[in-house]
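Student: Input: one structure, supplied below.
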Amino acid sequence: MSATSKGRGRAAFTFDIQAIGFSRGDALPESVSQPSPVFPNTDYKPVPLKIGDDEDYMLALKQELRGTMKRMPYFIAAEGEIQAIEKYSFKYKTERDKKLVTEWIPDWRRLPREMKPRKKKKLKVVKQKKTNIPAARSNVDVLKKIEELEKKGDAEKSDEETEEKEKKEDEEEAEEEADAYDEEEQEEENDYISSYFEDGDEFGEGSDDNMDEATY
Amino acid sequence: MADIKVKLETADLAEIENRILELCQQLPHGITDQVIQNELPHLEPQHRAVAINRLLSMGQLDLLRSGTGLLYRLKDAQSSGKMKGSDNQEKLVYQIIEDAGNKVASRVDFTLVMLVSEISCWLGSSVLSAGIWSRDIRYKSNLPLTEINKILKNLESKKLIKAVKSVAASKKKVYMLYNLQPDRSVTGGAWYSDQDFESEFVEVLNQQCFKFLQTKADAARDNKQSPMIQRNSSFASSHEVWKFICELGISKVELSMDDIETILNTLIYDGKVEMTIIAAKEGTVGSVDGQMKLYRAVNPIIHPTGIMRTPCGLCPVFDDCYEGGEISPSNCAYMSEWLEF
Amino acid sequence: MTQAEIKLCSLLLQEHFGEIVDKVGAHILQTGSQPLRLISNDTGTPLDQVKKALCVLIQHNLVSYQLSKRGFVEYEAHHDRVLRILRYPHYIYTAKTLYGDTGELIVEELLLNGKMTMSTAVKKVADRLTETMEADGKAMDYGEVSSTFVRLVDTHFIYRCPAPLEPPEGAAAPAPVAPLLLTSEKDMYTVPKLSMIGKGKRRRSSDDDDDDDASEQQTKRQKKEADSKETLPDDGIYWQVNTERFHQHFRDQAVISAIANKMDQISSEIVRTMLRMSEVTTSSNAAHTQPLSSNEIFRSLPTGYNISKQVLDQYLSLLADDPLEFVGRSGDSGGGMFVINLHKALATLASATLESVVQERFGSRCARIFRLILRKRHLEQKQVEDFAMVPAKEAKDMLYKLLSENLVTLQEIPKTPDHAPSRTFYLYAVNILSSSRLLLQRCYKTVANLIERRLFETKENKRLLEKSQRIEAIIASMQATGAEEAQLQEIEEMITAPERQQLEALKRNVNRIDASENQVDETIFILESYISTSTKP
């Protein structure tokens, strides 16, 4: 259709359709009156999965591996998870669900020095905190505590603790408190250092309920 | 039929040509092969064909179809008769088209002429025309477009020429003398029927060829001979396959060995067949230029790959999918369908 | 490293090591090397947790550290190693097929723990095997496990971890800021002299009445073991799984499989023999195996394969002449010298993988066009129509589909300087390498999608799952205290029939998704192997 002609009774466009690739008399594509489907139909379907003994065994291996690793000391579960799991495991703990290995101590000789935690006498600190909490709700008292700590341990350590305390205030203290209490409950006869790595106490298979906090 | 090639002396050829021309003058409406044969009973059909072809290419004879046979007519008589009442321009255009038609587009296969009785599908004309584009007519005649169109229309209505749509360019037409047959470059050959590509036909041939090769390969394997023999007996030459297909009789048109090789090549691209070329003694059945093409059915080297066993492998909206989006693994309809199955 | 790879790594870390390790690991995958403080700051994770996470990651060979020029330690994550987690079941299963249950458990323990000393591994595996033995006092001998361990080392499936330098005797020097870990080539596969005498110990069974007693005893015993670890002769000598060696094995399997599919069993066994003979003499990224003579091959055929020398020669000849070109000739001495063309084989397998994708996604016609262009290298659209014998409209449509999926490329070659479209060649071509790379990325994203869906399905049924597990636990403890059948039945019925169905459906779905993850990894393996042959020098 030339730019100037407007045939009677024919669909007329305000632009030259030849410019977008249609030649004279070509059938125009069907007009669309609704958005295309979100999941359009596919002509082909996936090929069925391979089946066989090998495949079955590898499937079992995969699932067992996942379950086992959740019970290893290498599995570090997040805060919220531990609380939820504790509920069940205390009451209905079975032999099977007990930790496979209760502790793991890394070989410090193979790691950078900074990886090794310092001998925090955390329990003692907590006990102190407990009595001091009402008083520690102000910056002044925070500073006081820092002085106390400096007298106790080595400077390096408290710098770190200072940093941490300066970052977060009451909430963190409360958290640390709760942490210590949990640890107290879970500890058997080991002191803090030995139970550096506690098992991720994952109850049951696959009940990861923190997907919302996934990194991506 | 053996490949007899009897040498023809130039002097003899001239003599034969003259005799044929005389016959044409006697019978101005045209003569057939039969007429020539009656008149010259000792003339070898091969030699007759050579003479006729020479006369045609020299422009002294015209070739026409009548019924199922061929007619040869003196050129001059025909043209002057036909073009009575046409002006010079029309004559010029007609001449151009005629000349184009006389350039024989495909080789005349002498052996084929001899095997007329042995071949069940015989197209009826061994002289085919490629036609000539109207643009080329314009170029040769130097006439303006409007004139050409008028003339062509005229000649068409007088049934002196005809237009044939070309398969090569579906909007273009080639012109040729009314009685000529368009050749493969125009019609598309065995695979086209009225400019329509015969997909189904090609598909059927593809399947039949494969079945033939597969059967042969299976037979070779079951034979349990030495590995070398097994392999060699699984091959079939293109000639063998061609023979099989011809004998099947599924084709309306005659298929050449080249046609079959084209089909076999599609099987190679399907990953189902492999080909090897071996040296063959000159004269071996199915050999061309000292070589033979052998084909055999083969198995695929892998099973469908892992990712194609999941919906994601075929997903049309894969790139738009992310957790939390309108399209995500959690709400994927394809996954749901796949899991339910 | 792409976002798709990082996403998948993150999911794998989360599933196997928990959220915190995931957060830390995914972060340094994204940013590259970072020091401790920065990781803590950027992720908002407390320092002590970051330390724990890094210890775990280093233990499992997923992260390594380096002392930067400015004197602080930087931690770097290795995405390719994290992605290997997907392949752990395959490693374990392979060890089983090659070295039985003992081999299986050794590799499993090493993967579960990242690295172990031989003595710890042997004890652990002996204990586990003893558990599965009939309860008539039988126990697994340490010696047996040791010898399997040694075999795994000899065949390079396990190797010694790089070790820090020995501190000078009696020095009171403080530990180095970042101990340098060195590998000694000659020690990598040298097993220390251990005389491991003893048998595996059975754990107290759950039928035991004193549950608490048992656990107390167990803890005490483990503590004793932990204390006595320092006195073991192979202290500090750690072993880890050699994934590259397993990959070599998988590659060999793929080649053998391809030959078995195309030709026959005997041909594939001959190739298997040749590959076995070449295991130790071929470097991991060699393009060909070392030439083997037909005489040598004949001598090395597995016993029970009684084919004559002439027949073997025929098979070798056929293999060498086959268009696959997996086997090549390399000389005439010794009855004919033959090699396996490893790089060619991987390229062919990658090519076949791409063809498979086109076939299943777009159909046979499109696959034909794809293979056609692959063979002819460059074709115009008209040529594609003619060779493939498809009508113009269909050819155009299919070429467009292939183009939009980057399976085929379009090159413009102008005939005239003005680049006019009517005077330009438009050539279609296939680039196996770049298409393989893109397909590989698609595979990574696919596995991530599958994991996400699996987690979603589980989350949807969380309440029901927990209920079912609670009930199972109750039943178990009731059985232990000798409850009656009727009581047990009552508890079981707390799960309704529709709930049972729902649980079964969930299990079926999780199984299907897990199985498919394994199968996508097969595609990943072929593509990764092929791509690495073209990038390494």
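Only the coordinates and a few stated rules stand behind these numbers; no lab work does. Since the model is a prediction, treat every value here as computed from it, not as a measurement. A quick note on method: Cβ atoms are made from the backbone with ideal geometry, for glycine too, and the neighbour counts reach across all protein chains shown.
Student: Listed here are the pairs C:Lys262/C:Lys507; A:Lys116/C:Lys123; C:Lys344/C:Lys507; which of them are more than 32 Å apart at the Cα? Display every interim value, and only then the final one.
Tutor: Working: C:Lys262/C:Lys507 37 Å; A:Lys116/C:Lys123 27 Å; C:Lys344/C:Lys507 42 Å.
Beyond 32 Å between Cα atoms: C:Lys262/C:Lys507; C:Lys344/C:Lys507.
Student: Under a Cβ-Cβ cut-off of 12 Å, what is the net charge of the residues other than A:Asp56 that fall near it, where Lys and Arg count +1 and Asp and Glu count -1?
Tutor: -2
Student: While we're looking at this one, here's another question. Rounded to the nearest 0.05, what FRET efficiency do C:Gln290 and C:Ser434 have when you use their Cβ-Cβ distance and R0 = 30 Å?
Tutor: Working: r = 32 Å, r/R0 = 1.06.
For C:Gln290 and C:Ser434, the calculated efficiency is 0.40.
Student: Please sort by residue number the trypsin sites (Lys or Arg not before Pro) in region B:243-341 whose DSSP state is loop and whose Cβ has at most 15 other Cβ atoms within 10 Å. Display every interim value, and only then the final one.
Tutor: On the way: sites: B:Lys243, B:Lys252, B:Lys272, B:Lys281, B:Lys293, B:Arg296, B:Arg309; in loops: B:Lys252, B:Lys272, B:Lys281.
Listed in order of number, the matching sites are B:Lys252, B:Lys281.
Student: Please state, rounded to one decimal and in Å, the Kirkwood hydrodynamic radius that region C:246-340 gives when every pair of distinct Cα atoms enters the mean of 1/r.
Tutor: 13.3
Student: Also, quick follow-up: Using alpha carbon coordinates only, what is the Rg to Rh ratio of region B:197-297, with Rh defined as the Kirkwood radius?
Tutor: Result for region B:197-297 is an Rg/Rh of 0.98.
Student: Once you place label points 7 Å from the Cα toward the Cβ at C:Leu488 and C:Gln265, how far apart are they in nm?
Tutor: Modelled inter-label distance: 4.6 nm.
Student: Using R₀ = 25 Å, calculate the FRET efficiency as 1/(1 + (r/R₀)^6) where r is the Cβ-Cβ separation of C:Thr190 and C:Glu279; round to 0.05.
Tutor: After rounding, the FRET efficiency stands at 0.85.
Student: Now a separate question. How long are the semi-axes of the ellipsoid equivalent to region C:1-103, from square roots of 5 times the Cα gyration tensor eigenvalues, in whole Å, largest first?
Tutor: 28, 14, 13
Student: A further question on this structure: Tell me, in nm to one decimal, what length is gained between C:Ser532 and C:Ser64 on full extension, where the rule is 0.36 nm per residue of separation less the Cα-Cα distance?
Tutor: Result: 166.3 nm gained on full extension.
Student: Hey, with R₀ at 25 Å, roughly what FRET efficiency would B:Glu282 and B:Leu13 work out to, going by the Cβ-Cβ distance, to 0.05?
Tutor: 0.35
Student: How far apart, in nanometres, would the label points at C:Thr132 and B:Glu247 be if each is projected 7 angstrom from Cα along the Cα-to-Cβ direction?
Tutor: Reported label-point gap for C:Thr132 and B:Glu247 is 6.0 nm.
Student: Next up: Measure off 7 Å from each Cα along the Cα-to-Cβ vector at C:Glu472 and A:Ala60, then give the distance between these two points in nanometres to one decimal.
Tutor: 1.5
Student: Once you average over the residues of B:199-210, how many Cβ atoms of partner chains fall within 10 Å of each Cβ?
Tutor: 1
Student: Please list, by residue number, everything in region C:58-84 whose backbone N is under 19 Å from a paramagnetic label point 7 Å out along Cα→Cβ of C:Leu182.
Tutor: C:65-68
Student: Shifting gears a bit: Around C:Tyr444, what is the net charge, scoring Lys/Arg as +1 and Asp/Glu as -1 over all other residues with Cβ under 12 Å from its Cβ? Spell out each step's value before the answer.
Tutor: Numbers: positive: C:Lys7, C:Arg437, C:Arg442, C:Lys445; negative: C:Glu5, C:Asp80, C:Glu517, C:Asp521, C:Glu528.
So the environment of C:Tyr444 carries a net charge of -1.
Student: To continue, here is another question. Over all alpha-carbon pairs in region C:336-409, figure out the percentage whose distance exceeds 17 Å.
Tutor: Working: 1233 of 2701 pairs.
Here the long-distance tail beyond 17 Å is 46 percent of all Cα pairs in region C:336-409.
Student: Using 0.36 nm per residue of separation minus the Cα-Cα distance, give me the extension gain between C:Arg329 and C:Glu166 in nm, one decimal.
Tutor: Using 0.36 nm per residue and subtracting the Cα-Cα distance, I get 53.7 nm.
Student: For B:Asp319 and B:Gln291, calculate 0.36 nm times their separation in residues minus their Cα-Cα distance, and state this gained length in nm to one decimal.
Tutor: Computed gain between B:Asp319 and B:Gln291 is 5.0 nm.
Student: A further question on this structure: Using the per-residue mean of other Cβ atoms lying within 10 Å as a proxy for protection, in what order, highest first, do the peptides C:459-468, C:118-127, C:500-509 fall?
Tutor: Taking the mean over residues of other Cβ atoms within 10 Å, the ranking is C:118-127, C:459-468, C:500-509.
Student: In a solvent-free Debye calculation with one equal scatterer on each Cα, what is log10 I(q)/I(0) for chain C at q = 0.12 Å⁻¹, listed in the order of the q values?
Tutor: -1.40
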